[in-house]
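Heads up, the thing below is written out as structure tokens.
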Amino acid sequence: MPDYIIMLKTFARELGAGAIVVLVAFLISRVLRRVINTLRESHSLSSTMAKRLQNFRQRTIIFITLLVLMQIAGVFDNAWAFLSTALLAVALGFVAAWSILSNATSAVLVLILRPFRIGDTVELMDPTGEPMGGEVTDMNLMFTTLTLPVAEGDSPDRPSVLNVPNNFFFQRVLRTRSRHKPDSRAAFFSDPED
């Protein structure tokens, strides 16, 4: 069979597949548009949110349709690798943001609930059973700084310091020895009352 006939068959097959992809994308887009409009008309969805969803629907369907068409045409052989890499990057961004937000939220909860304060001695029970802890000397949005007791042979001039992520205080069993009075309303960063 001549090469041009093979090329024409391949082109016809790609053209047919492309037409089917465009038709399916069009139908999915219409169905989603009707669903969003129905939700908006039934007042289950605000007009602003419906407009945002319509824009998102349109852009997402166009993007995925273009990827599929490029894959069919052989222009972009690794379209799905590109898409999965992009989704992985977004997922990693969410994980990083979750970690930061988790520690910041935990810091705010520690300041409000006061399970411990500056000057208190805390111990976090590790799942292995070994406690880790020390005296609370500082706190920021990410970490609480604990000064460890001076071990035998250590220099008392340079105490060991442990920076513990704030969310650990809500994920592990916490034991606190406080020099503050039990009913004290003193601020978190205040000195223990005498």
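Nothing in this text is a laboratory measurement; each read-out follows from the coordinates by a stated rule. Just so it is clear, the model here is predicted, and its values are computed rather than measured. A quick note on method: Cβ atoms are made from the backbone with ideal geometry, for glycine too, and the neighbour counts reach across all protein chains shown.
Between M139 and T145, the built amide H atoms are under 5 Å apart, and every one of these is 5 or more places off in sequence or on another chain. In the chain, excluding the sites themselves, the longest stretch lacking any of the GluC sites (Glu not before Pro) that are in a DSSP loop with at most 11 other Cβ atoms within 10 Å is 1-151. Between the listed residues T128, N78, I100, the Cα displaced farthest toward the positive end of the dipole of the chain, a dipole computed from Cβ unit charges relative to the Cα centre, is found at N78. The structure-derived value of log10 I(q)/I(0) by the Debye sum over Cα atoms at q = 0.08, 0.09, 0.14, 0.19 Å⁻¹ appears in the list [x] -0.29, -0.36, -0.86, -1.53; [y] -0.59, -0.66, -0.90, -1.27; [z] -0.28, -0.35, -0.81, -1.37 under the label [y]. What does the C-alpha gyration tensor say about the overall shape of the stretch 1-95? Classify as rounded when a/c is under 1.5, otherwise prolate if a/b is larger than b/c, or oblate. The shape class here is oblate. Think of it as helices only: each DSSP H run of n ≥ 4 in the chain is worth -39500 (n - 2.57), and spread over all residues that comes to -19000 deg cm²/dmol at 222 nm. Counting only Cβ charges, +1 for Lys and Arg and -1 for Asp and Glu, the dipole size of the stretch 1-94 around its Cα centre is about 540 debye.
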